[in-house]
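This report refers to the structure that appears directly beneath it.
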Amino acid sequence: IARYAQAWLDGGVGAEGRKVWEDSHTRPAWTNQPEGREPDPAYGQLFWLFPEVGSVVFSGMAGTICALLPTENMLIVMGLNQRNHSRGWNFPTEKINLARIGHAILAEQNWKAEMAQ
């Protein structure tokens, strides 16, 4: 999942440096609906969109979530082995919370860098 996400951050370039898709496909996947679908500001072509936290998110089996923070060139993956019927599980909330965790990690790193100066 992390390699797939990194390829999106790298404009369609895979781990071995091979071009998997054209970079021109990246931004539309993060911003637009496919032709023929009703507009949905919360969903791009392959990703849920969270502009309020500068993130796009995709998910996989058993509640695995991957948040990409494109402007930070960061990805964060969380595997929870959860399902919608699990107690305390709220999938939409978990998706945005993972993006917020990424921002918290960045803030912590920046704070430590400032303290070291």
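The values are calculated or read from the model by the stated rules, or taken from the named source; none is laboratory data. No experiment lies behind these values; they were computed from the predicted model shown. Methodologically, a virtual Cβ is constructed for each residue, glycine included, from the backbone with ideal geometry; neighbour enumeration extends over all protein chains shown. Surface accessibility is based on the protein's heavy atoms, side chains included, excluding ligands, DNA and RNA. Shrake-Rupley method; radii C 1.70, N 1.55, O 1.52, S 1.80 Å.
Filter the range 53-73 down to residues that are touching a residue at least 12 places away in the same chain (Cβ under 8 Å) and open to solvent by 60 Å² or more (accessible area, probe 1.4 Å), then give me how many there are. Walk me through it before giving the result.
To start, the set of residues in the range 53-73 that are touching a residue at least 12 places away in the same chain (Cβ under 8 Å) comprises 53-60, 62-73.
Now narrow it down to the ones that are open to solvent by 60 Å² or more (accessible area, probe 1.4 Å): 71-73.
Of the residues in the range 53-73, 3 are touching a residue at least 12 places away in the same chain (Cβ under 8 Å) and open to solvent by 60 Å² or more (accessible area, probe 1.4 Å).
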> Using beta carbons and a limit of 6 Å, which pairs, at least six apart or on different chains, have the first residue in the range 90-108 and within 14 Å of Val56 (Cα to Cα) and the second one at pLDDT below 85 and in a helix (DSSP H, G or I)?
Replying inline: none
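From the set of residues in the range 1-23 that are part of a loop (DSSP other than H, G, I, E, B) and closer than 13 Å to Asn73 by Cα, which is most open to solvent (accessible area, probe 1.4 Å)?
Asp10
Tell me, please, whether a residue that is at pLDDT 80 or above, part of a helix (DSSP H, G or I) and under 14 Å from Leu49 (Cα atoms) can be found in the range 72-90.
Taking the range 72-90 as the starting set, the residues that turn out to be at pLDDT 80 or above are 72-79.
With the extra rule that they be part of a helix (DSSP H, G or I), the set shrinks to 72.
Subset that is under 14 Å from Leu49 (Cα atoms): none.
There is no residue in the range 72-90 that is at pLDDT 80 or above, part of a helix (DSSP H, G or I) and under 14 Å from Leu49 (Cα atoms).
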